[in-house]
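*Asks:* Pasting a structure below so you can have a look.
The values are calculated or read from the model by the stated rules, or taken from the named source; none is laboratory data. Just so you know, these numbers come straight off a predicted model, no measurement behind them. The area values use the complete protein model at the heavy-atom level, side chains included, leaving out ligands, DNA and RNA. Shrake-Rupley method; radii C 1.70, N 1.55, O 1.52, S 1.80 Å.
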Amino acid sequence: MKSTRIYLDYAATTPLHPEVGALMHEVSMTIGGNPSSIHAEGRLARTVIEESRKTICKTLQASLSEVFFTSCGTESNNTILIGAVRDLGVRKIISSPLEHHCILHALDYLSKQYPVEVVSLPVDAFGQPELEALQEELARSEGTKTLVSLMQVNNEIGTTIDLRTYGQVCHDHGALFHSDTVQAIGFASYDLQSMPVDFLSGSAHKFYGPKGVGFMYIRNDYVIQPLLYGGSQERNMRSGTENIAGIAGMAKAMELAYSDLVRRNDHMREMRTRLLEGLKLHIPGLTVNGAHPECFSPKILSVNIPAGPRTELLLMNLDIAGVSASGGSACSSGVESASHVLSHLPIREGDKTVRFSFSTQTTGEEIDRVIQIMASLTHVTSPSSSTYTE
Ligand code: PLP
């Protein structure tokens, strides 16, 4: 039976693409060896992994020795940050307060356990780290081995930064540049041969691949130690037997994403605009977070709804009405806490924030339905054609 629910939370995770699922099933059922074994079954498993690596490297214009498979974006980011301090001698990290918790908490850990200074850049009203402040901070860092870590797409508000611009500033000052690209891989193009970027991270479940598999890009010039010891997989950078079906699925998802990149992004942009225009029409006073005219991800729309008698339970009521969206708070293991991202943005007191995020499969009819439901739930005059009843 087809679900009548409308899922608009694709920044949290995406469903598996059917072709990815089919390939993973095939790999799981036919590849039984351990890729580290030297016999025929092991070699076959190794081939699946190395072919997957080739696909991913070709997509990113990286060399084969620069991409390492991990279990998720969190692991990739932690490995890079911890490795940079522990193994590369980084003594200063410049970042932003709007990073994902896997960056912020890793930085917190590093600043307590290692002799490293962590500096948080100011952000503008769109949520972009201020470039001038970065330049000034880097100028002050001359003589100290420095890493800059800035996300490419903010997962809560969709604001983006141009990696070439920020990366060039870092390299001009002799600093390393890492970007948490978990929300951008599969949606943005990369040419890592020419981009001033030293480290990236990706996670398959954000681009219609499986959950529990990711990768990190580490420029050839750098060698870091693994987080876990006991195996020499991934050229000693990531111990543990590889998730073969997951890796194959991630490569397939990458291939599908990049063979259809423009159409997918255009479609999501159209859905985003349709929703925004509709909401603006029916909800006076609605504002958009990260409303930069150019630097935004087409898959994310974060809006603030003025406080009203029924806005307090808006997300829950949306859920009851059949719409899955996400709130202005970070939700980890089912526990809600105030959003560290939104707290840095100019949002009216009492406003309720809702993040909608779109997929390549989101339809105009779904968007129109969500507009009707939102209009109704926020107690503003519903469109006359609305047939929605609570
Ligand atoms: N970084 C960003 C920007 C994210 O949005 C997420 C997941 O929401 C992560 C990192 C963590 O990725 P994973 O779920 O693969 O650990």
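*Asks:* What does the accessible area of Val169 come to, in Å² to the nearest 10, when a probe of 1.4 Å is used?
*Replies:* About 20 Å², ignoring ligands and nucleic acids.
*Asks:* Mind jotting down the three principal axis lengths of the stretch 142-182 based on Cα atoms? Whole angstrom, largest first.
*Replies:* Projected onto its principal axes, the Cα set of the stretch 142-182 covers 35, 15, 12 Å.
*Asks:* At q = 0.11, 0.19 Å⁻¹, what is the log10 ratio I(q)/I(0) for the stretch 1-126, with the Debye formula run over Cα points and no solvent?
*Replies:* Results for the stretch 1-126 at q = 0.11, 0.19 Å⁻¹ read -0.67, -1.14.
*Asks:* Another question, if that's okay. Over the chain, with a Gaussian network built from C-alpha contacts below 10 Å, which listed residue (Met29, Met216, Met250) shows the highest mean-square fluctuation?
*Replies:* Most flexible of the set in this elastic network: Met29.
*Asks:* Roughly how many Å² is the accessible area per residue of the stretch 137-247, as a whole number, for a 1.4 Å probe?
*Replies:* 33
*Asks:* Moving on. Per the 1.4 Å probe, what fraction of the accessible area of the chain, in percent, lies on carbon and sulfur atoms?
*Replies:* 53
*Asks:* Continuing with this model, one more query. Would you grab the residues whose amide H sits under 5 Å from the one on Ile6? Only those 5+ places off in sequence or on another chain, please, with H modelled 1.01 Å from N.
*Replies:* Val323, Ser324
*Asks:* Once every DSSP H run of n ≥ 4 in the chain is given -39500 (n - 2.57) and the sum is divided by its residues, what mean residue ellipticity at 222 nm do you get, rounded to the nearest 500 deg cm²/dmol?
*Replies:* -11500 deg cm²/dmol
*Asks:* Search the structure for amide H atoms under 5 Å from the amide H of Ile305, placed 1.01 Å from N in the peptide plane, and list their residues when 5 or more places away or on another chain.
*Replies:* Answer set, sorted by chain and number: Lys352, Thr353, Val354.
*Asks:* Can you bin every Cα-Cα distance in the stretch 155-276 into 5 Å intervals starting at zero and give me the percent of pairs per bin, rounded to whole numbers?
*Replies:* P(r) over the stretch 155-276, rounded to whole percents: 2, 9, 16, 19, 20, 16, 10, 5, 2, 1, 0.
*Asks:* Using θ = phi - 60° and the Karplus curve 6.51 cos²θ - 1.76 cosθ + 1.60, what whole-Hz ³J(HN,Hα) does each residue of the stretch 226-234 get, with Gly and Pro shown as x?
*Replies:* With the stated coefficients, the stretch 226-234 comes to x, 6, 10, 9, x, x, 10, 5, 6 Hz.
*Asks:* Further, regarding this structure: Of the candidates Leu44, Leu200, Leu176, which one comes out as most mobile in a Gaussian network treatment of the chain with C-alpha springs shorter than 10 Å?
*Replies:* Its mean-square fluctuation being the largest, the pick is Leu44.
*Asks:* Apply the Karplus parameterisation 6.51 cos²θ - 1.76 cosθ + 1.60, with θ equal to phi minus 60°, to every residue of the stretch 181-192 and state each ³J(HN,Hα) to the nearest whole Hz, in sequence, with x for glycine and proline.
*Replies:* Each residue's phi maps through the Karplus curve to give 9, 4, 8, 9, 4, x, 10, 10, 8, 9, 10, 6 Hz.
*Asks:* With every protein chain left in place, what is the accessible area per residue of the stretch 4-50 in square angstrom, probe 1.4 Å?
*Replies:* With the other protein chains kept in place, the stretch 4-50 gives 58 Å² per residue.
*Asks:* Another question, then. Mind grabbing the accessible area of Val288 for me, 1.4 Å probe, Å², rounded to tens?
*Replies:* Accessible area of Val288: about 40 Å².
*Asks:* Which pairs break 30 Å Cα to Cα here: Lys58/Lys211; Lys145/Lys211; Lys299/Lys352; Lys58/Lys299; Lys145/Lys299; Lys252/Lys299? Walk me through the intermediate numbers first.
*Replies:* On the way: Lys58/Lys211 22 Å; Lys145/Lys211 35 Å; Lys299/Lys352 20 Å; Lys58/Lys299 24 Å; Lys145/Lys299 36 Å; Lys252/Lys299 21 Å.
In this structure, Lys145/Lys211; Lys145/Lys299 lie more than 30 Å apart at Cα.
*Asks:* Using every alpha carbon pair in the chain, what percent of pairs falls into each 10 Å bin from 0 up to the bin containing the largest distance?
*Replies:* Per 10 Å bin, starting at 0, the Cα pair percentages come out as 5, 23, 30, 24, 14, 4, 0.
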